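Where a number appears in this text, it was derived from the coordinates with a stated rule and is not lab data. Small disclaimer: the values here were computed from a predicted structure and weren't measured. A quick note on method: Cβ atoms are made from the backbone with ideal geometry, for glycine too, and the neighbour counts reach across all protein chains shown.
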Amino acid sequence: MCTSACPRCVSLPNSSSSSMDLDGFELLSAVAVGLGLAAAAGFRIFVPLLLAGLAARVGHLPLAAGFGWLDDTIVLVVLAAAALIEVAAYFIPWFDNLLDAAVAPAAVTAGVLLMAATLVDFPPWLRWSLAVIAGGGTAGLLHGALAGLRLGSTVSTGGLANPAVATFETGAATALTIVAVMLPLLAVALVVFMVSRSVRILVRRRRS
């Protein structure tokens, strides 16, 4: 019979606890990565999809089952072309406002896909629930707030300041995607801040 001093008996609980802590941290990190990428989709649709695909291609972003297409060469080429067109289109004043309304569903869809793609070890029902609620909700909320910001810029400056807004959005989408992949917990903090600011903007718009 083992005694309390037996190294085997002492080490097993610690090993199990460490394994559980590691698994919990990995799951939390996966959620954080997905949330950061979904938020980036609120700024630009194709930029985070492209960068996520490239990160997966070089081994920095594990993908859930069924999302292997994201790092496929042909898909990456198509995403690169789409990202260039999207970025350029937002530098056209007035047209950018129409684009905001037209692509709103696509931004939500991109947020859902990006978050679902990162939840590798989650059961399907939980993966898609989180993707739709947290991923799609975050992307849609940020996209709506930014659309309101651009509309305000169009009304107040006649669209002259819109290219500056577009530059900020593209830079934010790029930076947030990189942070989500490299420093996911920092990305969550940024997302919380941006969501709170977005809620204030949308509430202010509704009251005005």
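Could you state, as a whole-number percent, how many of the C-alpha pairs of region 110-152 are farther apart than 16 Å? Working shown, then result.
Numbers: 357 of 903 pairs.
Here the tail beyond 16 Å accounts for 40 percent of pairs.
Once you have the Kirkwood Rh of the chain from its Cα pairs, apply Stokes-Einstein at 25 °C and 0.890 mPa s and quote D in µm²/s. Don't skip to the answer; put the middle values down first.
Details: Rh = 18.2 Å.
Here the translational diffusion coefficient equals 135 µm²/s.
Over all directions, how big on average is the projection of the convex hull of the alpha-carbon atoms in region 118-200, in square nanometres? Working shown, then result.
Working: hull surface 24.1 nm².
Average projection, Cα convex hull of region 118-200: 6.0 nm².
Sort out for me the Cα centre separation of region 48-64 from region 82-159, rounded to whole Å.
19 Å
Return the Rg/Rh value of region 55-134, two decimal places, where both radii are evaluated on C-alpha atoms and Rh is the Kirkwood radius.
Details: Rg = 15.0 Å, Rh = 14.3 Å.
When Rh is taken as the Kirkwood radius, the ratio is 1.05.
Between 0 and 90 degrees, rounded to the nearest ten: what's the tilt of helix 73-89 against the longest Cα principal axis of the chain?
For helix 73-89, the angle is close to 40 degrees.
How large is the helix-only mean residue ellipticity at 222 nm for the chain, computed as the sum of -39500 (n - 2.57) over DSSP H runs with n ≥ 4, divided by its residue count, in deg cm²/dmol to the nearest 500?
Values: 8 runs with 163 residues, N = 208.
Helix-only estimate at 222 nm: -27000 deg cm²/dmol.
Neighbour counts of other C-beta atoms within 10 Å: give me His143, His60 arranged from fewest to most.
Values: His143 27, His60 11.
Fewest to most other Cβ atoms nearby, the residues stand as His60, His143.
Helix 137-157 versus the longest principal axis of the chain: what is the Cα-based angle in degrees, 0 to 90, to the nearest 10?
20 degrees
So what is the relative contact order for region 29-203, in percent, with contacts set as C-alpha pairs under 8 Å and at least six apart?
Details: 274 pairs, mean separation 67.9, N = 175.
Rounded, it is 39 percent for region 29-203.
When the Karplus curve 6.51 cos²θ - 1.76 cosθ + 1.60 is applied with θ = phi - 60°, which whole-Hz ³J(HN,Hα) does each residue of region 91-97 get, with x for Gly and Pro?
Ordered by residue, 3J(HN,Hα) equals 8, 9, x, 6, 5, 5, 5 Hz.
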